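These notes are about the structure you will find just below.
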Amino acid sequence: MKTRSLFLVFFFVLMAQAVFADATNCVSLPNQPDGSGGFITAFNCNFYHESVYPFDLTSYMTNGGASLPENALVPGYIVWTTDTTDVAGQTLNDTGAFQDILDFDGNQCAGTCSSQVYLYWSTGQGGPGFPSVSTIEANPFGYAVLLWNPSGVNSISPDANHTFTVDDTLPSVPEPSTLLLVFAGGMGTLALRRRRRT
């Protein structure tokens with residue numbers, strides 16, 4: 001009986017933790033040999049509008065003992081916009097059309113490579129707002145301007161080993177209050193059962 005009770009407690013704790021779990025995540029893919037005894041890591045990331053940034057990519061870049069300097073990304077910006085003229089000209093003239101911006105921060109290799117990313121979105125949608133055009137243009141490693149997807153799901157594969165997707169809508173999960181009630185009810189039931197037995 002004790003084992004079953006412990007299992008139930010564990011289940012209810014996991015349910016309560018699901019309330020607070022972040023949707024933003026990356027998934028490691030099989031490493032590729034680099035030809036010199038090391039590995040090139042591969043991973044796909046899904047970023048959501050939530051307060052988890054900067055998001056650290058180090059564990060994915062060093063997966064399987066791979067070298068961080070060899071696998072760190074180039075710093076730079078990816079700007080998704082609804083302005084087709086800016087996309088065609090790779091310009092940043094229409095700041096009002098910005099939707100999402102990924103910033104691969106130069107936090108490694110004396111500023112020349114990145115192992116963390118920021119996601120910026122509109123303050124009108126509860127976001128931190130966008131970096132200034134001058135800040136984006138001053139990045140020595142450049143930026144890319146891409147057309148925003150009306151479905152709010154924007155994806156880029158900068159190479160064969162990585163995909164970065166921004167989803168403007170968080171995945172639907174049970175309301176926190178519902179899961180907390182399940183947790184509290186489950187714990188109460190266990191306490192009542194134990195009390196009746198004694």
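Of the residues 123, 169, 163, only one is touching a Ser or Thr at 6+ places or on another chain (Cβ under 6 Å) and farther than 13 Å from residue 76 by Cα; which?
Of 123, 169, 163, the one residue that is touching a Ser or Thr at 6+ places or on another chain (Cβ under 6 Å) and farther than 13 Å from residue 76 by Cα is 163.
Answer yes if at least one residue in segment 176-188 is among the hydrophobic types (A, V, I, L, M, F, W, C) and modelled with pLDDT of 95 or more, and no otherwise.
Filtering segment 176-188 down to residues among the hydrophobic types (A, V, I, L, M, F, W, C) leaves 179-184, 187.
This time we only want the ones that are modelled with pLDDT of 95 or more, so: none.
Scanning segment 176-188 turns up no residue that is among the hydrophobic types (A, V, I, L, M, F, W, C) and modelled with pLDDT of 95 or more.
Please specify each residue of segment 156-172 satisfying the condition of being hydrophobic (A, V, I, L, M, F, W, C), closer than 13 Å to residue 44 by Cβ and assigned to a loop (DSSP other than H, G, I, E, B).
160, the sole residue that qualifies.
The values are calculated or read from the model by the stated rules, or taken from the named source; none is laboratory data. Keep in mind it's a predicted model, so treat the numbers as computed, not measured. FYI the Cβ positions are ideal-geometry reconstructions off the backbone, even for glycines, and counts take in every protein chain you see.
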